[in-house]
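Report on one structure; see the data block that follows.
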Amino acid sequence: MYLKLKTSIGIALIGLIIVNTYLVPSLSHPLIVTRRNITLKGYSITGNYLTAILQIGPGPSLQILIAVFQEGKGWLGSVKLPLGPSNKPSSVKVSLKLTCPPPPNAKLCIYVKEGFLWKLIIKVPLIIGKVGPLPVPYFN
C-alpha cells in the first residue's frame, strides 16, 4: 500500500513539473504595457455636442474612450476611437453627442484600453464656454 501511494505521488509530481515547465509559459500572456503621449489640446461645447482635440504621440495601436460624466447622473455620452500604429504625432478631432447640455459639474474623461482593461488617463472638469490648452500628458 505504501509503495503504491509513493509511486502515485511521484508520478503526479513529475507530471506537475512537466506541465509547469512547458505548458504554462506558452499559455501565459503578460500584459504588454505601451507608452504613448496623449494630450488634450482643447474642447468646445455647442448645445448637446462636445468637440475635443487630442494630440497623440507615436506608438503602437490602441483604443481610446472619450466620455462625459456627471456625478449622480452617470454618463452623458461616450465614443470609442480605435487608433492604428503611428510613427509621428497626430492631431485627432473627436465629436461627441451628449444626452443633454452638460452642467457645470460634468467631467470629461478619457480612457485607454490596455489588454482587457480600460485605464482612466484624463479627468478634467468641463468649463462651459471655455476653450483652451489643457496639457495632460499620459505615461504609463
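The values are calculated or read from the model by the stated rules, or taken from the named source; none is laboratory data. All of these numbers come straight from a predicted model, not from anything done at the bench. Note: ideal-geometry Cβ built from the backbone for every residue, glycine included; neighbour counts use all protein chains shown.
The single condition among (1) in contact with a strand residue (DSSP E or B) (Cβ under 9 Å, 6 or more places away or on another chain); (2) surrounded by fewer than 10 Cβ atoms within 10 Å (Cβ to Cβ); (3) modelled with pLDDT under 85; (4) of a type outside the set (K, R) that T34 does not meet is (2). Residue count for the range 41-96 satisfying the condition of being modelled with pLDDT of 85 or more, more than 13 Å from L108 (Cβ to Cβ) and of a type in the set (V, I, T): 2. Of everything in the range 73-95, what is surrounded by 14 or more Cβ atoms within 10 Å (Cβ to Cβ) and either under 18 Å from the mean Cα position of the chain (by Cα) or among the charged types (D, E, K, R) (or both)? Give them in sequence order. Answer for the range 73-95, where residues must be surrounded by 14 or more Cβ atoms within 10 Å (Cβ to Cβ) and either under 18 Å from the mean Cα position of the chain (by Cα) or among the charged types (D, E, K, R) (or both): G77, S78, V79, L81, L83, S86, V92, V94. Residue count for the range 99-125 satisfying the condition of being among the hydroxyl-bearing types (S, T, Y) and not in a strand (DSSP E or B): 1. In the range 88-98, which residues are among the aliphatic types (A, V, I, L, M), touching a residue at least 40 places away in the same chain (Cβ under 8 Å) and part of a strand (DSSP E or B)? Correct list: V94, L96. All of (1) surrounded by 13 or more Cβ atoms within 10 Å (Cβ to Cβ); (2) in contact with a Ser or Thr (Cβ under 9 Å, 6 or more places away or on another chain); (3) under 18 Å from P125 (Cβ atoms) hold for Q70 with one exception: (2).
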